[in-house]
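Please treat every number below as a calculation from the coordinates, not as lab data. What you see is a predicted model; the values in this text were computed from it and never measured. FYI the Cβ positions are ideal-geometry reconstructions off the backbone, even for glycines, and counts take in every protein chain you see.
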Amino acid sequence: MPKHVLVPVDGSEQSQQALDYAFTEFPSATVTLLHVINPARAGYGAQAGLPSFSEEWYDEAEAAAEELFSEARADAPEGVTVETAVEVGQPARTIVEFAEEHGSDAIVIGSHGRQGISRVLLGSVAEAVVRRAPCPVTVAR
């Protein structure tokens with residue numbers, strides 16, 4: 001039975017389903033909620049198309065992550081240990097690196113259910129995590 005379960009959260013219904021699954025299936029594990037702030041979402045500045053990372057944008061993204069964590073903690077069953085982390089980077093890569101660096105025994109991740117051409121063009125964070133993760137991955141739909 002996993003002792004440390006990593007659950008990436010992004011506020012979507014699918015990440016909530018992943019969180020619910022982790023709480024139900026791993027009641028004795030420490031559940032770490034990871035929110036990845038994707039700098040690509042910051043927009044692009046006028047300087048040769050380089051990302052614009054304003055302190056204000058980052059503060060807003062971090063506040064949004066804290067709100068997600070607060071809601072998730074409220075949903076946690078009594079006795080479940082919940083830890084949180086915020087990282088900046090490309091989501092799939094950051095999730096895998098975090099799992100490696102922090103010794104996660106399992107990852108439970110939500111699937112956004114993209115199919116066809118949108119999945120090919122946009123890629124799938126869950127699919128990339130499944131392929132690269134150092135531990136078992138459960139994908140919640």
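In which sequence would Tyr58, Tyr21 go, from the one with the fewest C-beta neighbours within 10 Å to the one with the most? Don't skip to the answer; put the middle values down first.
Working: Tyr58 15, Tyr21 19.
Ranked by crowding around the Cβ, least crowded first: Tyr58, Tyr21.
Give me the extension gain from Glu55 to Glu83: residue separation times 0.36 nm, minus the current Cα-Cα distance, reported in nm with one decimal.
Gain in length upon complete extension: 7.6 nm.
Apply the Karplus parameterisation 6.51 cos²θ - 1.76 cosθ + 1.60, with θ equal to phi minus 60°, to every residue of region 56-67 and state each ³J(HN,Hα) to the nearest whole Hz, in sequence, with x for glycine and proline.
4, 4, 5, 4, 5, 5, 5, 5, 5, 4, 4, 5
If I stretch the segment between Asn38 and Glu101 completely, what's the gain in nm (0.36 nm per residue apart, minus their alpha carbon distance), one decimal?
Separation in residues times 0.36 nm, less the Cα-Cα distance, equals 20.8 nm.
What order do you get for Ser28, Ser111 when you list them from fewest to most C-beta neighbours inside 10 Å? Can you show the working numbers first?
Numbers: Ser28 10, Ser111 18.
Ascending number of Cβ neighbours within 10 Å: Ser28, Ser111.
Net charge near Ala29, counting Lys/Arg +1 and Asp/Glu -1 over other residues with Cβ under 12 Å of its Cβ?
So the environment of Ala29 carries a net charge of -2.
Just to check I understand the Karplus step: with θ = phi - 60° and J = 6.51 cos²θ - 1.76 cosθ + 1.60, what whole-Hz values come out for region 86-97, glycine and proline as x?
Once rounded to whole Hz, the list reads 10, 10, 10, x, 6, x, 4, 4, 5, 4, 5, 4.
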